[in-house]
Amino acid sequence: MQTKPWELYQKQEPTAKPWELYAPTDKDTPKKYAGEEAILQVEKLEGRPLSLAERRVVEEEGYVEGVYKDDKGIETSGVGQTGEWMGKSFDETFKAHEGDAKKMFQSFDAYPEYLQAELIQAQYRGDVRQSPDFVNMMSEGRYNEAAEELLNHEEYKERKAKGDDGVTRRLEALQNAVKKYRKEVGDSASSNGTP
């Protein structure tokens, strides 16, 4: 009498518990890179050194090989790429966000590189779009007010109440860059008595 394949399976000693058969493995978890490691990975993918602004974005976003859910449950890949940007190169994604920042800020090209970098990293995440007052104040040269308005941001306040995290840190980095620039060039509002 011939043994059927399912009978052989039934006679085998199980090597794993049923719940272990479905547990995620290291190969199922996307490889994540942060800081300088992330920058090195993206430079390798792009085949060139990154600019200061690109480095700031990668430094803040990190780089992940594969798809993961961010802290809001949004599917994300690469360098914090969601929605229409998933599956596209970092270069293509970065250039689009850089272009958006240039459209928003009339004087973008006149700003120093460190301020451009911080504006782009905030634009990349979507923080700049959430504050049209910040954009207007920057365009009017009211840098002191713009720096304060930037942190008048609901998500910032909620996250700051829980402690510092990547979002609060990157908004504060932009605020510090705006304040530094104000010290260098002055503030059109300062002639109206604004400190």
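What follows draws every value from the coordinates through simple rules; no lab data is involved. Worth saying up front: this structure is predicted, and the values here are computed from it rather than measured. Cβ: placed from backbone, ideal geometry, glycine included. Neighbour counts: every protein chain shown.
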Item to complete: Quick one: which residues, 5 or more positions from Gly78 or on another chain, have an amide H under 5 Å from its amide H? H modelled 1.01 Å from N in the peptide plane, none for Pro or chain starts.
Response: Val64, Gly66
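So for Glu60, Glu36, Glu155, Glu118, fewest C-beta neighbours within 10 Å to most, what's the order? Intermediate values should be presented prior to the final figure.
Working: Glu60 22, Glu36 11, Glu155 14, Glu118 25.
Final ranking by Cβ density, sparse to dense: Glu36, Glu155, Glu60, Glu118.
Based on other C-beta atoms within 10 Å, arrange Phe105, Phe134, Phe90 from fewest to most. List each step's numbers first, then the result.
Working: Phe105 19, Phe134 27, Phe90 23.
Final ranking by Cβ density, sparse to dense: Phe105, Phe90, Phe134.
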Practice prompt. Return the sequence-ordered ³J(HN,Hα) values of the range 147-163 in whole Hz as given by the Karplus equation 6.51 cos²θ - 1.76 cosθ + 1.60 applied to θ = phi - 60°, using x for Gly and Pro.
Written response: 4, 6, 4, 4, 8, 8, 9, 4, 4, 4, 4, 5, 5, 5, 4, 8, x
Worksheet item: Counting pairs of Cα atoms in the range 60-195, how many percent are more than 22 Å apart?
Response: 40
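Please give the net charge around Ala147, taking every other residue with its beta carbon less than 15 angstrom from that of Ala147, where Lys and Arg add +1 and Asp and Glu add -1.
On the way: positive: Arg142, Arg170, Lys179, Lys180, Arg182, Lys183; negative: Glu118, Asp127, Asp133, Glu140, Glu145, Glu148, Glu149, Glu172, Glu184, Asp187.
In short, -4.
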Worksheet, complete the sentence: For the range 107-124, in residue order, the Karplus 3J(HN,Hα) values (coefficients 6.51, -1.76, 1.60; θ = phi - 60°; whole Hz; Gly and Pro = x) are 9, 3, 5, 8, 5, x, 4, 5, 6, 4, 4, 6, 4, 5, 5, 6, 5, 4
Worksheet entry | Hz values of 3J(HN,Hα) by residue in the range 36-47 - Karplus curve (6.51, -1.76, 1.60), Gly and Pro given as x | 4, 4, 5, 4, 4, 5, 5, 4, 5, 5, 7, x
Fill in: Per-residue Cβ neighbour rank within 10 angstrom, fewest leading, Tyr33, Tyr63
Tyr33, Tyr63
Worksheet entry | Whole-angstrom gap from the range 32-78 to the range 108-135, using each part's C-alpha centre | 19
